[in-house]
Amino acid sequence: MYDVVIAGGGPAGLSAALVLGRCRRRVLLCDNGHPRNEATTALHSYLTRDGIPPAEFLALGRQELTRYDTVEVRDVTVTGAECVSGVFVTTLEGGEQVRSRKLLIATGVRDNVPAIEGLRELYGRSVFHCPYCDGWEVRDQPLAIYGRGARGCGLSLELTNWSSDLVLVTDGPSEIDEKQREHLSRNGISIREDRVVRLEGEDGILRRIVFAQGEPLERRALFFTTGQSQKSELAVRLGCEFNEKGTVRTGKFESTHLRGLFVAGDASRAVQWVIVAASEGAEAAFAINSDLIKEDLR
Ligand SMILES: Cc1cc2nc3c(=O)[nH]c(=O)nc-3n(C[C@H](O)[C@H](O)[C@H](O)COP(=O)(O)OP(=O)(O)OC[C@H]3O[C@@H](n4cnc5c(N)ncnc54)[C@H](O)[C@@H]3O)c2cc1C
């Protein structure tokens with residue numbers, strides 16, 4: 001039996017595995033190789049690694065784990081997990097089942113990427129969703145925000161920190177009330193409700209947004225806010241509680257309602273950055289190891 005199974009080998013899972021491996025815990029880390037930021041070429045705001053390609057960052061993380069014979073890494077999908085009499089039984093793709101004393105879910109989230117022609121080619125280069133991650137590179141440029149209602153309004157107002165040339169593109173009725181409309185206008189943000197037909201760009205750089213009617217809109221980058229969901233069903237199936245953002249409501253050190261079950265990284269709480277995911281993974285690892293020590297003391 002493993003001490004800990006970790007589902008997901010992004011920054012949160014890798015960080016937890018490193019701490020737990022050094023705690024001499026027998027760890028199985030399972031990952032199926034699709035981190036949330038795989039579309040982007042540079043990871044920002046991670047102290048000492050600002051600008052590193054995400055794949056290189058993860059490879060460094062995996063490389064560090066090879067120093068610890070306590071950690072086993074497998075490239076496999078976790079298809080299910082249950083807690084049977086205090087023991088976690090995790091099912092892997094292919095049907096194999098592994099048992100562990102603790103389970104850490106670090107499977108991240110999936111963004112609802114708008115299905116607009118031309119967007120995928122620009123995603124991660126000039127189409128983003130997080131100004132903290134990618135705002136600096138397009139500061140003072142003409143930017144579009146793609147979204148509706150309170151969410152579209154909120155991201156537009158947030159982006160005033162990075163540019164003063166902002167257009168909120170709602171691709172249909174804006175769902176923005178009078179008060180929000182007035183707030184946007186007061187901050188120099190216009191709203192365009194025409195249906196979006198496609199994005200045009202060159203070498204990954206957005207040039208213009210083409211609408212069903214009216215003139216195309218010249219823009220250098222677009223930030224979208226169209227929601228997200230859990231990348232795996234594991235937390236749902238294990239009965240975790242969720243907040244309004246759709247992430248798991250965790251307690252102290254990423255603990256959950258179920259003893260021995262922890263959820264770290266983007267899958268839990270609010271701030272979704274690599275450095276925060278790594279930190280949450282380390283916190284969960286600390287709590288897991290502390291619990292295991294206490295359980296084993298005579
Ligand atoms: C376009 C874009 C740009 C970004 N830029 C930045 C940035 O510059 N700086 C920054 O700090 N943050 C950035 N982010 C956010 C960052 O990607 C996340 O905060 C971070 O990846 C969260 O780490 P995580 O370990 O929680 O999840 P992830 O990195 O998503 O890792 C989860 C891992 O679990 C695996 N997995 C999922 N389900 C299963 C399963 N059932 N079985 C096995 N494995 C599974 C996935 O394949 C993945 O490898 C960006 C996000 C996007 C979308």
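The values are calculated or read from the model by the stated rules, or taken from the named source; none is laboratory data. This is a predicted model, so every value here is computed, not measured. We place every Cβ from the backbone using ideal geometry, glycine too, and count neighbours over all the protein chains shown.
The table below gives the values:
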| read-out | value |
| --- | --- |
| So Q180, is it assigned to a loop (DSSP other than H, G, I, E, B) and not assigned by TED's automatic domain parsing to the domain that holds D50 | no |
| Residue tally, condition over 18 Å from G124 (Cα atoms) and either near the ligand (Cβ under 10 Å from one of its atoms) or touching a Ser or Thr at 6+ places or on another chain (Cβ under 9 Å) (or both), over region 50-81 | 10 |
| Residue check for P142: touching a Lys or Arg at 6+ places or on another chain (Cβ under 6 Å) and under 30 Å from P216 (Cβ atoms) | yes |
| Residue match in region 158-171 (condition: under 22 Å from the mean Cα position of the chain (by Cα), assigned to a helix (DSSP H, G or I) and more than 15 Å from A39 (Cβ to Cβ)) | yes |
| Test: residue in region 97-120 that is more than 22 Å from A212 (Cβ to Cβ), exposed (fewer than 15 other Cβ atoms within 10 Å of the Cβ) and out of contact with any Lys or Arg (no Cβ under 9 Å at 6 or more places or on another chain) | yes |
| Among the residues listed as I275, I293, I288, the single one being over 20 Å from the mean Cα position of the chain (by Cα) and surrounded by fewer than 22 Cβ atoms within 10 Å (Cβ to Cβ) | I293 |
| G61 being assigned to a strand (DSSP E or B), under 22 Å from the mean Cα position of the chain (by Cα), small (G, A, S) and surrounded by fewer than 22 Cβ atoms within 10 Å (Cβ to Cβ) | no |
| Tally of residues being within 13 Å of the ligand (Cβ to nearest atom), part of a strand (DSSP E or B) and either farther than 22 Å from A277 by Cα or of a type in the set (K, R) (or both) across region 82-109 | 4 |
| Residue match in region 197-218 (condition: part of a loop (DSSP other than H, G, I, E, B) and either surrounded by 15 or more Cβ atoms within 10 Å (Cβ to Cβ) or in the same structural domain as T40 (by TED's automatic domain parsing) (or both)) | no |
| Residue match in region 249-261 (condition: on the phi > 0 side of the Ramachandran plot, in a loop (DSSP other than H, G, I, E, B), more than 16 Å from the ligand (Cβ to nearest atom) and touching a Lys or Arg at 6+ places or on another chain (Cβ under 8 Å)) | yes |
